[in-house]
Each structure stands twice: as structure tokens, then as C-alpha cells.
Amino acid sequence: MTARSLFIPITLLLVIAFLIGPFLIIVAASFSAGETLAFPPQGFSLRWIAKVFTVESFRASFGMSLFLAIGGTAAALVLGIPASYALSRYKLPGAEIVRTIVSAPIIVPGIIVGLALLRYIVVPFQVGITLALFLAHTALVLPYAVRVVSASLDNLRSDIEEAAVLLGSSRLGAFFRVVMPNIRGGIMSAFILGFVTSFNQVPVSLFLSGPGVRTLPVDMIAYMEIVFDPSVAALSSLLAFLSIGIVFIAERFLGFSRYV
Amino acid sequence: MNKVILASGAALMLAMSAAQTPALAQEKTLTISVYALAQDEYKQIVYEPFQKICGCKLVVETGNSVERLAKMEANKANPVVDMAVISMADALAASRAGLIDKVDTSKLSNFGKLYDIAKDPNGDGMSVGYTFYATSIAYRSDKMKIDSWADLLKPEYASHVAWPNVTTNQGPPALYMLGLALAKDTPDLKAPIEAVGAKKGEIVTFYEKSSQLVQLMQQEEIWAAPIGRFTWAPFTKLGFPIAWAMPKEGQTGGMNVMTVTKGSKNRDLALQFMDFWLSTEVQTKLAEKLIDSPSNKDVKLSEAIANNLTYGEETAKSLKLIPSAVALDNRAGWIKTWNEKVGQ
Amino acid sequence: MFQNRAEALALALPAAIFAAAVFLVPVVILLSDGFRAPTGGWTISAYTDFFSNSLNQTVFLRTLRLSALVTVASAVIGYAAAFAIVSLEPGAKGKVTGLVVLPLMISPVARTYAWIVILGRTGIVNQAFQALGITEAPLRILFSETAIFIGLLQLFLPLMIISLISALENMPKDAIPAARVLGANWFQVFWKVVLPLTKEGLVIGGTLVFTGSLTAYITPAILGGSKVLMLETLLYQQVAVSNNFVAASVIAFILIVMSFAANILLKRVATARNKQRSQA
């Protein structure tokens, strides 16, 4: 064994142990019988998993979070894909400005975004709570959509579509027939990244949620304001498995990891 | 200037909000704003029975006191919420900011049954207390003995203590009691903050969320922490000998109150709801589920239940609460002193 | 490159207008509060006040230091991990990438609590240290800068690794062997070949990690508490406890400037390497 051939497994082992360790503790705690998180877990039971399903408010807020994550990400892609295409294929006047505006939501602290939207959009224009959350989540996901889709467009040679246009296809036709199939993986990974971002978003939703409308992470934070019992861990694990399921299906059908 | 900038965004916003028809209520709707605590139980004990009585619909907003207050402030011109449940000090802040109205107690049939301290906690007629709680020290009785708030800072104990951050609801009351123990109880809390600051290296953490404490106690990171009685129950399940201290300076605590939003269009309905919540029946049920200690003195509880709550006239009277005005006028100063002595 | 301007604008403007209207404009109005003088007109006195306070200085420097450390550490570990991953065969590569992404799926709140278990006095780390004889009494790791560093690193490392994987995969396959044949040692290969060719990934990953560390709230709040304040925890205090929106907008603006500066700096570092290469 050379030093180099040992380097790969050892690095991977350490990095993955570091990244996955906390995850395993959360999963183990979900199935424990104890009153707190512990490692090794104290006994085995399904009581915390069962408890998640008995908390009524989790169900409603889960639906809202799912709607925002799917709807917001889809809307961000509808806006983001054409913008990425313009940024990567056209001589766009003010391209840098467009890029900065579109990716700005990443760098502003969420609590400020929430407060700003509440004071200057929701209140003056009397925007409904659901719509406000939807707009905010769309804006928050947009930077990821543009970034990931742009990256996969940049990796795609542009002469294919130019050839298609030369051969008589319309620009739009070339986009749908030639470009889209080739960046499908990029779109999928943008969708997953956007979904996860939106689904775990706390500070913006904190300010924009209102009477009768809450997202799941906000509900979770409220629930554990006073008590942190393993049911929060159980809920997190269930959500993680849901996301893993989505990624797995995406990987199966679209081979998403090739495009990350 | 702002208007010009806003107008540019307005077109899009209006187009989008027009697409969404405002939810016009077919029936009377009462919008309430409450703590996120135990919502499933509240729904069963308070909200659903009330909806049956009034034939109206309840819409519930949840969150902690400050966040919800910030939203009320933003919506001041066109209030969304009819009735809000907040802390005593926040009620005074809301009243100073012109967010809430006088409570017409003649419409509350249960008003006479309340403990005196709950009738008008801030002395301005703007709020009614529905629950109060004691704050004292939860500690490992096999590891230490707590007779005074100052015992927490003893050299042999300090490195096993979590102290509430000044920004939490328990922070200022705990400091206030420490001030009493040190016999330097000025409203600026300078002496107790300095005393805590001197031990900041030893004290395990200054907690922001009380939910951490059960975890820390279980891992034996800490042996003691000042807590509100409403977080006490989980500590009793850990399998350690954990006791509730009765320090010689006494216990402190806090009170949560009900308020009516200024400009609410459903004032009478809000009062009807408050009255229902204050009734002996509802307050008893909430107490039996260990959710809220009753402020209605007709509530009778078994000893087992009472031991887990803050119950009875004697207890209510003995709590050393910080007056709301003192809290509001000094809050910024406390945080400043705290950040200088503890945060640095 | 297509030249049609009207088409380009029609494609790009909806997204730009949307982001400007629902995001940029309200945020800019809020931030402008920090520059308003009480008597009318504009001033930067809120900023000079902020930086003249010694607590704020400490917190600012700590935030800068920790975020920079997390970014550097994640770049170093990220390169090692990304190298290891791209050298795997395709099947294994997908699975390992999946494991790297996995922690992103679990709520940051829950992950932060898991660190309390791991880093506690009786936690795994202390048990291992004591068993190995590194320390006799349990170390205090929780509620310190170290704890925040570990928490943030675990939170954001996956973003760096993923950015670097795609950058390394787009690198010409023969670049490294060619450099080796020409007699470069591994350090030179990395510095003169790999870094310039993967700078995009490093800039994206670095910006995500740095900005993420700057604006994380839950992790510093729970693993540090008020013993170890960061700008974001200070910001939260100003909004939620003191209702001081002006002070909050000052901190927010400082955070935004910091993350812009980091982005520019990272681009500079990467391009400087590039120039050296073209000269050599």
C-alpha cells in the first residue's frame, strides 16, 4: 500500500464520519426510549416517532412547507432558467448587475429580509400571508436556481444549439429540443437544492407567517422554545428520510449526481 | 423618495395580490395571537369549545412574545389580530406604543374571581393576567445545597451552573433576585450583572433557550439553573434527584396577560373569548394538563397537580416580580451592561 | 454568444425585476435607516458609533476570524475530500457524494443539538480523549469558539465539497499527469495547476461557506450563547429584544459588506494564481 492509496479511504472515512456523525445521533435518538438525546441511545422505542404524528399543528404546517418548497422552487426555476440562459449565451447589457440582483438574497441575513418584507411589502400592499411567504421563498431560492442552472449551461457546448438554429430550428425550438434535455440534471439539482433551502428556512418565515399560516421549521422552533425532547429529533429524521427518498428517486430517473 | 421606489415594485405586487382573493369571512372570525406552547391541548380545551359557544371561527397566530409584538407594530394602521396574549412587560410596551386598548372588565363575568395581582398587573387597565409562574432554581440535591440565589456563584458550584441570558424572560428576574441576595438591588441590576460577569469563565453557559437545560442536566454538564416553573416537569423525569429551590430571598417569576388590540373590529367577541378562558372550568382543565397555573382563585387542584404548578394565593402574593415599567425603562441598559461584563 | 439584446433582456428581466421588487427594494429601504440622521439628511454616525464600542469590535473581529477559519478549513478539507471522491469509480462516487449531501437534509437545529451530545463533558470526544490519555479531566468544548467552529464547519462543508467536485470534474483529465511529467511536485501541481483550473468552484464554495457562517444564527446561539457573541446573535438581540431596527440594519449592512468583500477577495486570490500561471 502506498501513501497515496491510503490517502483516499482515510480522508473519506474521516470526512464522512464528521459529516454524518450528528445525523446518526439524531436518527438514533428518534428511536430511543429516553427523555433526551444521548449516545449511545437509552433503549429502543417508537414513542417519539409516534408522538410526531399526534401533534396536530405539525400536519398543517408540513403541508404549507411542502407547498412553499415545491411551488417556490418551481417559480424560481421558471424565472431563473431564462435568466441563466441569457447570462450564459447572450451579450447581455448589465449582465453583472442582473447577476448581483438575482443572487443578492443569499447574502442578506434572513432576519433582515423577513423584517424588510413585512414592513415594506406585506403591510403597505396588504399582501396575504400565503402569498407573502410564497414570494419570499421564490426570491430566496432564485439565487440557487440561477447559479446551478448557469453552471450546467456553461458546461454545455453552445455550438450544438447554434448548429440547430443554422439547420432551421427556431431559437425557442432549439432551446426546448437541444438545451433542455442536456441540462435536465442541472435543473434537477437546482430543484433539490432549492427544495432543501426553502424547507429548512427559518428567519424569513418567522416574520412572514401569521394567523393560521405557519411553516414546519417555524413550528418546530416554537415547539422547542421550551422543551427539546427526542420528538424534534424524530421529526427531523422523518423529514431527512423524505428528502433522501426524493433524491434517491431523482438519482434513479435522472442520474442527478452526474451533474452536481 | 421611498414612495417612488415602492411604486416601482407596486405594479407587480398589486397584480399578484389581485390574483389572490382576500379570504372574506362568511362567519364571524376572531383572530388571536398566543404563545406556541401546547397548541393541541389549547385547541381541545379552549378554542374548539369556544367556537361552539360563539358560532364563530378562531384564527390563531403563534410565536414568542417579541416577534408577535413586532408584527403587531408593523400592522398598527390595520390590525390583523383582535386579541393577544403576551408577557406583562410587553403589555406595557404595547400600551405605550398605542397598540392595545383598555380592557372593559365589566364584560368579564369571571373578573371578580381572579387573584388581585392578576386583575390589573400594570395598573393601567390595559391587561388582565391569565397565568403566572414562579422562577427559582432547579438543582441536583445530591450535589449541592441551595439556600440563597448567591449560592449559585459559590466557587464550588459556579462551574456547574447555567444562567439565563439577560435577553430571556428568566434573565432579569434571576439577576434581580441575585441583587437582593447581594443586598445591592438597584433597578439597573449593575451589581448582580457584575457578580455574574466575574464568574463568566466558570459558569457553563448563559442559555438562550430553556429547552437546552434538560439536555445539559441529563449529560451532567450542569447541576443547577434558574428556570420558570412551566419548564419544570421534564426535569422530574430524568431519574436524578432534582429539587426546586426555596431560597431565603424568595422566588421571582412572571405573568402572562391578555390584551385587546386597538382598532379591533371584534372587541366584544374578544372579551367573550377572554372571559371564557378565565372561567373556572377552562382554567381548571388547563391546570390539570400542567399547561398554565391558574389566575382564577376558584380553581381547586389536587396536591399532585398543584406541586407541579405555581398555585395558590400565598404563592401568588409571595412572588417578587419586577414591575413592568422598571423592566421596560431599564431593558436596554441591562443588555448594555450585560454585554460589557459578560459578553466580552 | 448570441447578440440579440432585446431577446436577452426579455429572458433576464423577469427574474431581475422580481428579485428587485420583492427583495432588493424593501431590504435597501430598511438598510437606509442606518444612514439616516435623526434631524433629516444622511450620516454614517451609526456606523462610527458601532465601531467605537469595544464590545462591538470584539464581536466583529471574532465573527470575521471564525468565518474566515471555517472557510479556510472547509477549503483544505474540501479539496482533499473532493480529490478522493472524483478518483472513485462512478458507482461509488455517486454513493459517497450522496453521503456528503446527506447532512444538508437534516434541520440545522437538530444538528446543533447533536453537537451538544458529542462535545459534552461525557460526550464521545471527551471519552475518546480520556481513553487515549490526551487529557485527564474532561475538556470544556461546548459554549466556546471551538464549538461554534465545529458546528459551522459541519453545517457548510458539504457546500464546499460539492462545488469543488464539479470544478475538479471539469478540469482537463491530463492536466495533473502532464504537470507531473514536467517535474512539478504535488504542492506545485496543486498551486499552479489545480487551483487556477478550479477557481470557479473555490469562489462559489468559499462564498457560500463564508456567507453562511456570517449569517448563521442557531448554531452560534446554541453552541456559543452570550459568552461567545457573534454579529448575527447581536443582530437578533437588536431586533427581537431591543426592537432597535436602526442598530439591526447597521449590523446587517456590515454583514453584507463583509460577504461582498470576501467574494471579491476570493476572486482576486484565484485570478492572481491564474496570472502567475500565464506568465510562467
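The values are calculated or read from the model by the stated rules, or taken from the named source; none is laboratory data. These figures come from a predicted structure and were not determined experimentally. For neighbour counting, all protein chains shown are included, and Cβ atoms are generated from backbone atoms with ideal geometry for every residue, glycine included.
For segment C:16-31, state whether one or more residues are touching a residue at least 24 places away in the same chain (Cβ under 8 Å), out of contact with any Asp or Glu (no Cβ under 6 Å at 6 or more places or on another chain), closer than 14 Å to C:SER249 by Cβ and facing another protein chain (nearest Cβ under 9 Å).
Yes - at least one qualifying residue is present in segment C:16-31.
Quick check on my filter: what residues within segment C:138-165 are part of a helix (DSSP H, G or I), over 19 Å from A:ILE16 (Cβ atoms) and of a type in the set (Ser, Thr, Tyr)?
Once the filter is applied, which keeps residues that are part of a helix (DSSP H, G or I), over 19 Å from A:ILE16 (Cβ atoms) and of a type in the set (Ser, Thr, Tyr), segment C:138-165 yields only C:THR146.
Of everything in segment B:250-263, what is buried (at least 21 other Cβ atoms within 10 Å of the Cβ) and in a loop (DSSP other than H, G, I, E, B)? Give them in sequence order.
B:GLN251
Based on this model, can you work out whether B:ALA150 counts as part of a helix (DSSP H, G or I), in the same structural domain as B:TRP223 (by TED's automatic domain parsing) and in contact (Cβ under 8 Å) with a residue 12 or more places away in the chain?
Against the criterion (part of a helix (DSSP H, G or I), in the same structural domain as B:TRP223 (by TED's automatic domain parsing) and in contact (Cβ under 8 Å) with a residue 12 or more places away in the chain), B:ALA150 qualifies.
Give just the number: which of (1) without any contact (Cβ under 8 Å) to a residue 24 or more places away in the chain; (2) part of a helix (DSSP H, G or I); (3) within 14 Å of another protein chain (Cβ to nearest Cβ) does B:ALA191 not satisfy?
(3)
Just one of (1) in contact (Cβ under 8 Å) with a residue 60 or more places away in the chain; (2) assigned to a loop (DSSP other than H, G, I, E, B) trips up B:PHE276, so point out which.
Status for B:PHE276: all satisfied but (2).
Can you say whether A:ARG184 is more than 13 Å from chain B (Cβ to nearest Cβ), in a loop (DSSP other than H, G, I, E, B) and over 30 Å from B:SER65 (Cα atoms), as far as the supplied structure shows?
no
Under the condition of being more than 8 Å from every other protein chain (Cβ to nearest Cβ) and of a type in the set (Gly, Ala, Ser), which residue from segment A:126-146 is farthest from C:THR215 (Cα to Cα)?
Restricting to residues being more than 8 Å from every other protein chain (Cβ to nearest Cβ) and of a type in the set (Gly, Ala, Ser), the top hit is A:ALA132.
Which one of these does A:ARG147 not meet: (1) surrounded by fewer than 16 Cβ atoms within 10 Å (Cβ to Cβ); (2) under 26 Å from C:GLY201 (Cα atoms); (3) not polar (S, T, N, Q)?
Looking at each condition in turn, A:ARG147 falls short on (1).
Please state which of the following conditions B:ALA270 fails to meet, knowing it meets all the rest: (1) in contact with an Asp or Glu (Cβ under 9 Å, 6 or more places away or on another chain); (2) assigned to a loop (DSSP other than H, G, I, E, B); (3) within 14 Å of chain A (Cβ to nearest Cβ).
Condition not satisfied by B:ALA270: (2).
For segment A:90-125, what are the residues that are assigned to a loop (DSSP other than H, G, I, E, B) and facing another protein chain (nearest Cβ under 7 Å)?
Initially, segment A:90-125 is screened for residues assigned to a loop (DSSP other than H, G, I, E, B), giving A:91-94, A:107-109.
The answer is A:LYS91, A:LEU92, A:PRO93, A:ILE107, A:VAL108, A:PRO109.
So A:ALA136 ticks every box in (1) crowded, with 24+ Cβ neighbours inside 10 Å; (2) in contact with a Gly (Cβ under 6 Å, 6 or more places away or on another chain) but one. Which box is left unticked?
A:ALA136 satisfies all of (1) crowded, with 24+ Cβ neighbours inside 10 Å; (2) in contact with a Gly (Cβ under 6 Å, 6 or more places away or on another chain) except (2).
Being surrounded by 20 or more Cβ atoms within 10 Å (Cβ to Cβ) and part of a helix (DSSP H, G or I) is the filter here; which residues of segment C:119-137 pass it?
C:LEU119, C:ASN126
If you go through segment C:108-129, how many residues are within 15 Å of A:LEU24 (Cβ to Cβ) and at the interface with chain A (Cβ under 7 Å from one of its Cβ atoms)?
So the count comes out to 8.
Within segment C:179-258, which helices (runs of 4 or more DSSP H) (wholly inside it) include 2 or more residues that are within 26 Å of B:VAL161 (Cα to Cα) and facing another protein chain (nearest Cβ under 8 Å)?
In segment C:179-258, C:218-223, C:231-236 are the helices (runs of 4 or more DSSP H) which contain 2 or more residues that are within 26 Å of B:VAL161 (Cα to Cα) and facing another protein chain (nearest Cβ under 8 Å).
Could you please give the count of residues in segment C:11-52 that are of a type outside the set (D, E, K, R) and at pLDDT below 90?
Total satisfying the criteria: 5.
Report, by residue number, each residue of segment C:72-95 that is outside any loop (DSSP other than H, G, I, E, B), more than 15 Å from the chain's Cα centre (by Cα) and without any contact (Cβ under 8 Å) to a residue 40 or more places away in the chain.
C:ALA80, C:ALA84, C:PRO90, C:GLY91, C:ALA92, C:LYS93, C:GLY94, C:LYS95
Surrounded by fewer than 20 Cβ atoms within 10 Å (Cβ to Cβ), of a type in the set (Val, Ile, Thr) and not in a helix (DSSP H, G or I) - does that describe any residue in segment A:45-56?
yes
Starting from residues that are at pLDDT 85 or above and small (Gly, Ala, Ser), keep the ones in segment C:138-168 and report whichever is surrounded by the fewest Cβ atoms within 10 Å (Cβ to Cβ).
Of all residues in segment C:138-168, those at pLDDT 85 or above come to C:138-165, C:167-168.
Then keep just the ones that are small (Gly, Ala, Ser); that gives C:144, C:147, C:151, C:163, C:167.
Numbers: C:SER144: 18, C:ALA147: 24, C:GLY151: 27, C:SER163: 27, C:ALA167: 23.
So the residue we want is C:SER144.
Yes/no per residue for (1) within 7 Å of another protein chain (Cβ to nearest Cβ); (2) free of Cβ contacts under 8 Å to residues at least 12 places away in the same chain:
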| site | (1), (2) |
| --- | --- |
| A:LEU6 | no, yes |
| A:ILE16 | yes, yes |
| A:ILE26 | yes, no |
| A:PRO41 | no, no |
| A:ILE49 | no, no |
| A:THR54 | no, yes |
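Which of the following residues is part of a strand (DSSP E or B), within 14 Å of another protein chain (Cβ to nearest Cβ), among the small types (Gly, Ala, Ser) and touching a residue at least 12 places away in the same chain (Cβ under 8 Å): B:ALA89, B:ALA134, B:ALA84?
Working: B:ALA89 fails: part of a strand (DSSP E or B); B:ALA134 fails: within 14 Å of another protein chain (Cβ to nearest Cβ).
Criteria check complete, one pass: B:ALA84.
Any idea which residue in segment B:67-81 is farthest from the other protein chains (Cβ to nearest Cβ), counting only those that are within 16 Å of the chain's Cα centre (by Cα) and in contact (Cβ under 8 Å) with a residue 24 or more places away in the chain?
Filtering segment B:67-81 for residues that are within 16 Å of the chain's Cα centre (by Cα) and in contact (Cβ under 8 Å) with a residue 24 or more places away in the chain, the one farthest from the other protein chains (Cβ to nearest Cβ) comes out as B:ARG68.
Which is of a type in the set (Val, Ile, Thr) and touching an Asp or Glu at 6+ places or on another chain (Cβ under 9 Å), of C:VAL96, C:VAL101, C:VAL86? Write out each step before concluding.
Numbers: C:VAL96 fails: touching an Asp or Glu at 6+ places or on another chain (Cβ under 9 Å); C:VAL101 fails: touching an Asp or Glu at 6+ places or on another chain (Cβ under 9 Å).
Only one candidate passes the filter, namely C:VAL86.
Evaluate the following for C:ARG36: is it over 17 Å from C:VAL250 (Cα atoms) and charged (D, E, K, R)?
Here the answer is no, as C:ARG36 does not meet what is asked.
Among the residues of segment B:314-338, which ones are under 20 Å from B:VAL196 (Cβ atoms), more than 11 Å from every other protein chain (Cβ to nearest Cβ) and either modelled with pLDDT under 90 or not in a helix (DSSP H, G or I) (or both)?
Within segment B:314-338, B:LYS320, B:ILE322 meet the criteria.
For residues in segment B:92-123 being among the acidic types (Asp, Glu) and not in a loop (DSSP other than H, G, I, E, B), which is modelled with the lowest pLDDT?
In this case the residue turns out to be B:ASP116.
Which condition from (1) more than 9 Å from every other protein chain (Cβ to nearest Cβ); (2) more than 30 Å from C:LEU234 (Cβ to Cβ); (3) at pLDDT 90 or above is the one that A:LEU153 breaks?
(3)
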